[in-house]
1. Would you check which residues across the stretch 70-93 are hydrophobic (A, V, I, L, M, F, W, C) and surrounded by 14 or more Cβ atoms within 10 Å (Cβ to Cβ) and list them?
2. From the residues in the stretch 17-46 that are part of a loop (DSSP other than H, G, I, E, B) and among the small types (Gly, Ala, Ser), which one is nearest to the chain's Cα centre (by Cα)?
3. Can you confirm whether the stretch 264-275 contains a residue that is within 22 Å of residue 186 (Cα to Cα) and either in contact with a Lys or Arg (Cβ under 8 Å, 6 or more places away or on another chain) or open to solvent by less than 70 Å² (accessible area, probe 1.4 Å) (or both)?
4. If you take the residues in the stretch 6-39 that are out of contact with any strand residue (DSSP E or B) (no Cβ under 7 Å at 6 or more places or on another chain) and among the aromatic types (Phe, Trp, Tyr), which one is farthest from residue 113 (Cα to Cα)?
5. Could we say that residue 293 is modelled with pLDDT of 90 or more, over 30 Å from the mean Cα position of the chain (by Cα), in a helix (DSSP H, G or I) and under 24 Å from residue 350 (Cβ atoms) here?
6. I'd like the full set of residues that are among the hydroxyl-bearing types (Ser, Thr, Tyr) and in a helix (DSSP H, G or I), limited to the stretch 94-115.
7. Restricting the stretch 304-353 to residues that are assigned to a loop (DSSP other than H, G, I, E, B) and aliphatic (A, V, I, L, M), which is farthest from residue 455 (Cα to Cα)?
8. Sort through 258, 240, 235 and tell me the only one that's open to solvent by 40 Å² or more (accessible area, probe 1.4 Å) and more than 30 Å from residue 79 (Cα to Cα).
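The values are calculated or read from the model by the stated rules, or taken from the named source; none is laboratory data. Everything quoted here is computed from the prediction, not taken from an experiment. Cβ placement follows ideal geometry from the backbone for every residue including glycine, while neighbour counts extend to all protein chains displayed. Quick note on the areas: whole protein, heavy atoms, side chains included, nothing else; ligands and nucleic acids left out. Shrake-Rupley method; radii C 1.70, N 1.55, O 1.52, S 1.80 Å.
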Amino acid sequence: MGEKKTSMLYRIIRFFVWLFTPRFQVEGRERLPDEPVIIVANHSQMYGPIACELYEPRPRYTWCIGEMFTLKEVPGYAFHDFWSYKPKRVHWFYKIVSYLIAPLSVLIFNNASTIPVYHDARLITTFRKTMQGLDEGRDVVIFPEHYQEHNHIVYDFQDRFIDIARMYYRRTGKALCFVPMYIAPHLKKMIIGDPIRFDPEQPFSAERTRICEGLMQAITNLAEAQPRHRVIPYRNIRKRDYPFSRPAAPNEKPRRFRQPVVDYREFRLSRLNEPRFSHLKLLGGWLVYFAMYFITENLIPARECHVMHCWVDDLIPFCEYFVVFYTGWFFLVAGSLLWFMLYDVEAFKGLQKYIMITQAIAMLVYILYPSRQDLRPEVFAHDNIFTWAVGFIYAFDTPTGVCPSLHVGYSLGIVSAWLKTREAKPGAKVFVVVFVVLVILSIHFIKQHSFLDVLAAIPMCFIAEVVAFQPYWHNKYLKHLHI
């Protein structure tokens, strides 16, 4: 089959899927034999194919149902497989959706590294392409579950895929390995088990049963060996009905909150240089910033500052209600640093370095090129809690030291860090992006910055992005070269 060209639209879709879906860790890579194998995994609804497409550690093809490759066949299959178990009163809606997703399905399945699977006379085409993939030295990933429940982890496997081992042995004289893999979206893991090798000396019917039963049991064992978690079943059922991987122990209490990656309860100042706590030293940059803020705010006279103003500023009216987002920015900064400190230390390091770089650049500019803005209204048209909040901000924050805008600088860094992390849910990322847009608008509507301050922040943010997140972009570059 060889490498095939993929459309630009598919690459864009793949990027956004990668961006907004959980990042899976692959455990047990060392168990993969140094030869092409058949990897057999639980489906986990849409998560199994997505995880394998994005994180499978070796070149591979994935078996996908053949109906999803053809525009005319997608709606019928999609509705039956995804939504037929929904309440009948909403069937009409999902039938419409099944037609709407058809072009997208055809695009994705025909551009990804897939092998169409058929359950009619075309099955020989599936087997032939599978043999070609193995001959190329690629693994083949199969999700063989169907609707008969086997246990609380997996549904029964359709066993026709075992026929590949007999075909492969007849062609090459080699005994093919089947490798079990458990996909746990709630743990963000793909766990690879010990391979099960086909024995050509045994009766084929017995081997088919042995391998199929062995794979289901191996996947079950992999799941039960993990911390207790929700299992995403093959059948599309309500989330509240998802089974647990194992019963709770008598003294095991359900966690109400996510477990931090570092136990900060053990932190002492004497342990600050320990690797697990050393990232906290980056918070010291705030002490330097507050000292420089005092200098630039109080020791540089306003008369020596350059006035920042452009025609765009005159088009934007004053609107006190945006003070909600302006003040919310302080909680966004503190909350983001705290969240990353708890759940993604590398992202915390990157964001704190980003903030320190923007602080240093901005303070240097404020000293070398002092700036101010004269956009604030002399009187407020309304008298309410929002104008009171704006007046309070005006009282303690002088209109000097405004270009470039640190509100914009920090905000873009926060967005960058949230979009890079694989620990946050897509909804959280969307919220941060929308909130940051509103924050940047708020600095104009409550007349805290000129539009020039925003433009000046862009090169500052570019420098901070390149320096602070250099490991991330370096890895992306290496991955691009590898591809």
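1. 74, 78, 79, 82, 83
2. 44
3. Within the stretch 264-275, not a single residue is within 22 Å of residue 186 (Cα to Cα) and either in contact with a Lys or Arg (Cβ under 8 Å, 6 or more places away or on another chain) or open to solvent by less than 70 Å² (accessible area, probe 1.4 Å) (or both).
4. Here the residue is 20.
5. no
6. So in the stretch 94-115, the residues among the hydroxyl-bearing types (Ser, Thr, Tyr) come out as 94, 98-99, 105, 113-114.
Selection gives 94, 98, 99, 105.
7. 316
8. Numbers: 240 fails: more than 30 Å from residue 79 (Cα to Cα); 235 fails: more than 30 Å from residue 79 (Cα to Cα).
Testing whether each residue is open to solvent by 40 Å² or more (accessible area, probe 1.4 Å) and more than 30 Å from residue 79 (Cα to Cα) leaves just 258.
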